[in-house]
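Trainee: Sharing a structure with you now.
The values are calculated or read from the model by the stated rules, or taken from the named source; none is laboratory data. All figures in this text were calculated on a predicted structure; none of them were measured in a lab. Using ideal geometry, Cβ is built from the backbone for each residue, glycine included, and neighbour counts are taken over all protein chains shown.
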Amino acid sequence: MTALAYLNGSFCDVSQAMVSIEDRGFQFGDGVYEVIVTYNGRPFLMDEHLARLRRSLQAIDLDYDLDARPLLPVILEGLQRSGLSEAMVYVQITRGVAPRHHLAPEGLEPTVVMTFKPRPVLPDDLRLRGANVMTVRDERWALCSVKAITLLPNVLARNRAHRRGFDDAIFVTDTGEVRELTSANLFVVKDGVILTPPRTESVLHGITQNFIMKCAAGIGFAVKEHAFDVDFLYGAAEVFMSSTNVEVLGITRIDERPIAEGQVGQVTRRIHDEFRRRCAATSSPAADRTVA
């Protein structure tokens with residue numbers, strides 16, 4: 001099936017979806033987004049993703065009424081049209097089209113874009129060996145809790161890591177405090193406790209991250225939000241990341257240093273097993289409608 005797109009009320013092939021060069025998303029990165037996946041035709045954590053999208057819209061004062069113009073029916077229709085059972089749905093809303101000026105005119109019509117593509121699956125060898133990552137200086141804007149489309153620092157860090165032979169990068173502040181990866185949240189295991197950096201405005205409040213915290217607690221692991229530095233990270237018993245696309249992925253090397261013995265740890269494996277078990281049975285109310 002050719003990848004499907006939705007643009008301002010119409011479905012079409014991705015190659016036919018065109019947005020104005022004066023769209024503020026293109027000109028200024030003035031927009032927000034969400035990524036939703038399906039398992040066996042069922043959207044995963046749909047309500048949580050749409051709730052975060054609402055928060056992001058409010059955070060940048062983007063006037064799109066999700067109650068008057070709900071996206072859920074569009075997403076479900078797009079999934080049905082795509083015929084994809086294992087899909088990745090990308091949703092982006094920008095402030096709309098206007099002559100290029102920092103000051104946005106009143107009354108702009110937001111641009112709504114979606115794509116429906118096969119869900120990416122991590123290579124088995126990467127999941128088995130775990131990720132090899134590097135640390136980088138956090139040069140992003142202060143409101144990382146807003147899922148904005150302005151991702152240039154993340155893109156630059158990820159590409160820099162790739163060029164140096166790493167799978168990803170971890171953002172670290174000038175004071176040494178660890179934040180998150182370029183597109184994933186971070187967890188460490190230390191003394192039998194699972195820690196994740198405090199969910200302030202400086203990190204994305206991950207939907208998958210929150211789900212994993214519930215998974216961990218459900219199988220008997222204490223989970224705490226706690227600040228830590230790079231040295232603490234190097235000394236962790238286990239380190240892993242989470243996101244919509246990677247689910248749970250162990251990190252076995254950081255800055256060329258092996259974590260524990262350079263193997264994906266048992267806690268990481270147990271949490272991923274629990275994640276997979278729960279995601280097979282967990283869906284939003286809308287997900288009761290399966291995709292043909």
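Results for (1) at pLDDT below 95; (2) surrounded by fewer than 15 Cβ atoms within 10 Å (Cβ to Cβ); (3) out of contact with any Leu (no Cβ under 9 Å at 6 or more places or on another chain); (4) not basic (K, R), shown as yes or no for each residue.
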residue	(1), (2), (3), (4)
D23	no, no, yes, yes
V32	no, no, no, yes
R42	yes, no, yes, no
A59	no, no, no, yes
L72	no, no, no, yes
L76	no, no, yes, yes
R81	no, no, no, no
M88	no, no, yes, yes
G96	no, no, no, yes
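Trainee: Looking only at segment 127-170, how many residues end up being closer than 26 Å to R54 by Cβ and either of a type outside the set (K, R) or not assigned by TED's automatic domain parsing to the domain that holds L233 (or both)?
Mentor: 14
Trainee: Also, I was wondering about something else. Read through the list (1) closer than 29 Å to R277 by Cα; (2) within 21 Å of the chain's Cα centre (by Cα); (3) without any contact (Cβ under 8 Å) to a residue 40 or more places away in the chain, then give the number of the only condition that L66 fails.
Mentor: (1)
Trainee: If the Cβ limit is 6 Å and pairs must be 6+ apart or interchain, which residue in segment 76-97 that is under 13 Å from Y39 (Cα atoms) pairs with which residue that is of a type in the set (F, W, Y)?
Mentor: Cβ pairs passing all conditions: A87/F116; V89/F116.
Trainee: Pick out the one residue from L204, L195, L143, L186 that is under 27 Å from M88 (Cα atoms) and in contact with a Lys or Arg (Cβ under 7 Å, 6 or more places away or on another chain).
Mentor: From the options L204, L195, L143, L186, the qualifying one is L204.
Trainee: Inspect all residues belonging to segment 106-114 and state whether any of them is in the same structural domain as R52 (by TED's automatic domain parsing) and modelled with pLDDT under 95.
Mentor: yes
Trainee: If we keep just the residues of segment 12-61 that are acidic (D, E) and in a loop (DSSP other than H, G, I, E, B), which is farthest from N245 (Cα to Cα)?
Mentor: The selected residue is E22.
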